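Here is the structure we will look at, set down as structure tokens.
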Amino acid sequence: MNSGPIVAMVWEGLDVVKTARKMLGETNPADSLPGTIRGDYCVEVGRNVIHGSDSVESAQREMSLWFRYNELHCWEDSSRSWIYN
């Protein structure tokens with residue numbers, strides 16, 4: 001994450017780590033399905049175009065590397081009650 005410009009972000013939602021991992025694909029792009037970010041845009045492990053935390057605990061630790069607590073905001077849109085129970 002230090003070989004070029006990055007865009008750091010935090011995603012939130014129900015089972016967001018699990019969902020994000022499916023969207024990203026396997027760590028090794030060769031094992032990633034087409035339609036995933038790594039499956040479509042990555043060639044080798046060492047030059048991955050995206051990183052995603054593998055657990056909530058890792059996410060908490062990694063978030064503190066890029067953001068101060070007061071920079072993170074919880075956002076809830078009006079459709080949440082229509083999507084989640």
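Quick one: Debye curve from the alpha-carbon atoms of the chain only, equal weights, vacuum; give me log10 I(q)/I(0) at q = 0.18 Å⁻¹ to two decimals.
Ignoring solvent entirely, the Cα scatterers give -0.92.
Go through the range 24-85 and name the GluC sites (Glu not before Pro) that are in a DSSP coil and have 11 or fewer other Cβ atoms within 10 Å of their Cβ.
Filter output for the range 24-85: Glu44, Glu76.
Can you list the residues of the range 11-26 with backbone N under 20 Å from a point 7 Å past the Cα of Val43, pointing along Cα to Cβ?
Label zone hits: 25-26.
Distance between Cα centroids, the range 1-38 to the range 52-77: provide it in whole Å.
The two parts, judged by their Cα centres, are 15 Å apart.
Within the range 12-81, report the chymotrypsin sites (Phe, Trp or Tyr not before Pro) that DSSP leaves as loop and that have at most 16 other Cβ atoms within 10 Å.
For chymotrypsin sites (Phe, Trp or Tyr not before Pro) across the range 12-81 that sit outside H, G, I, E and B with at most 16 neighbouring Cβ atoms in 10 Å, the list reads Phe67, Trp75.
With +1 on the Cβ of every Lys and Arg and -1 on the Cβ of every Asp and Glu, and nothing else charged, how large is the dipole of the chain about its Cα centre, in debye rounded to the nearest 20?
For the chain, the charge dipole is close to 60 debye.
Given the -39500 (n - 2.57) contribution per DSSP H run of 4+ residues, what per-residue ellipticity at 222 nm results for the chain, rounded to the nearest 500 deg cm²/dmol?
Helix contribution divided over all residues of the chain: -8500 deg cm²/dmol.
None of the figures in this text is laboratory data; all of them are computed from the coordinates on show. The structure displayed is predicted, hence computed values, not measured ones. Please note: Cβ atoms are built from the backbone with ideal geometry, for glycine as well, and neighbour counts cover all protein chains shown.
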